[in-house]
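Have a look at the structure below before the remarks.
The values are calculated or read from the model by the stated rules, or taken from the named source; none is laboratory data. Model, not experiment: these values are computed from the prediction. Counting neighbours? That spans all protein chains shown, and the Cβs are built from the backbone with ideal geometry, glycine included.
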Amino acid sequence: MPLNELLKACKVSGFQGGGPGGQFRNKTNSGVDLRLSAFNLAIKSCESRSASENKVHALHRMRLAIALNVREAPKATSELKFPGSMGHIQPSNEAYPQFIADVLDIVAANGGDTKEAANAFGLTPTALTRILHANKAVLAKVQELRAAGRKPPLR
């Protein structure tokens with residue numbers, strides 16, 4: 001989903017939060033609270049003094065939360081392309097949440113097997129495992145899917 005559509009679907013509000021800012025920290029509503037009632041998700045961001053930067057951070061986190069919590073039928077392998085390079089992708093990459101959503105959809109459809117997801121993106125299973133270990137929430141979701149499929153945990 002494009003960011004502007006996601007933003008329209010969310011209820012956005014500002015709040016006075018902690019974070020950087022010195023004496024003016026509590027005088028402005030630079031914190032951003034995003035709520036997506038369709039999936040009962042709430043994300044807050046107040047790391048920056050800028051409300052617009054916090055909105056960008058919150059949208060990225062919302063996209064990752066959707067990727068972790070919403071399962072769909074996997075896309076055809078021909079539609080999938082690894083968005084990183086040389087077997088690596090940073091969690092800050094804009095394509096990361098969609099990549100994780102696609103991986104989790106394939107893992108869920110295959111009873112927790114990560115090998116099919118690695119093959120779909122042209123990665124080795126080890127490279128995919130390294131990517132999954134980069135984010136604790138993603139790894140926890142994969143372990144949950146593997147446990148549901150009676151597979152051993154990833155190491």
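Is the range 45-66 home to any residue that is modelled with pLDDT under 95, of a type in the set (Asp, Glu) and assigned to a loop (DSSP other than H, G, I, E, B)? Yes.
Every test in (1) touching a helix residue (DSSP H, G or I) at 6+ places or on another chain (Cβ under 6 Å); (2) over 30 Å from Phe15 (Cα atoms); (3) at pLDDT 95 or above is passed by Asp102 save one, and that test is (1).
Would you be able to say whether some residue in the range 16-30 is at pLDDT 85 or above and outside the structural domain of Asp102 (by the TED database)? Looking through the range 16-30, none of the residues is at pLDDT 85 or above and outside the structural domain of Asp102 (by the TED database).
Figure legend. Inter-residue proximity from the range 43-55: first residues closer than 11 Å to Val12 by Cα, second residues surrounded by fewer than 20 Cβ atoms within 10 Å (Cβ to Cβ) and of a type in the set (Asp, Glu), beta-carbon distance below 8 Å, spacing 6+ or different chains. Indicated pairs: Ile43/Asp33; Lys44/Asp33. Residues in the range 46-78 that are basic (Lys, Arg) and over 16 Å from Leu6 (Cβ atoms): Arg49, Arg71, Lys75. Can you confirm whether Arg150 is touching a residue at least 24 places away in the same chain (Cβ under 8 Å), more than 30 Å from Phe15 (Cα to Cα), within 15 Å of the chain's Cα centre (by Cα) and not in a helix (DSSP H, G or I)? Judged against the criteria, Arg150 is not a match.
Kindly establish whether Pro74 is at pLDDT below 90 and not in a strand (DSSP E or B).
Working: at pLDDT below 90: no; not in a strand (DSSP E or B): yes.
Considered against the rule, which asks whether it is at pLDDT below 90 and not in a strand (DSSP E or B), Pro74 comes out as no.
Of the listed requirements (1) in the same structural domain as Leu132 (by the TED database); (2) within 20 Å of Val142 (Cα to Cα), Phe39 misses just one: (1).
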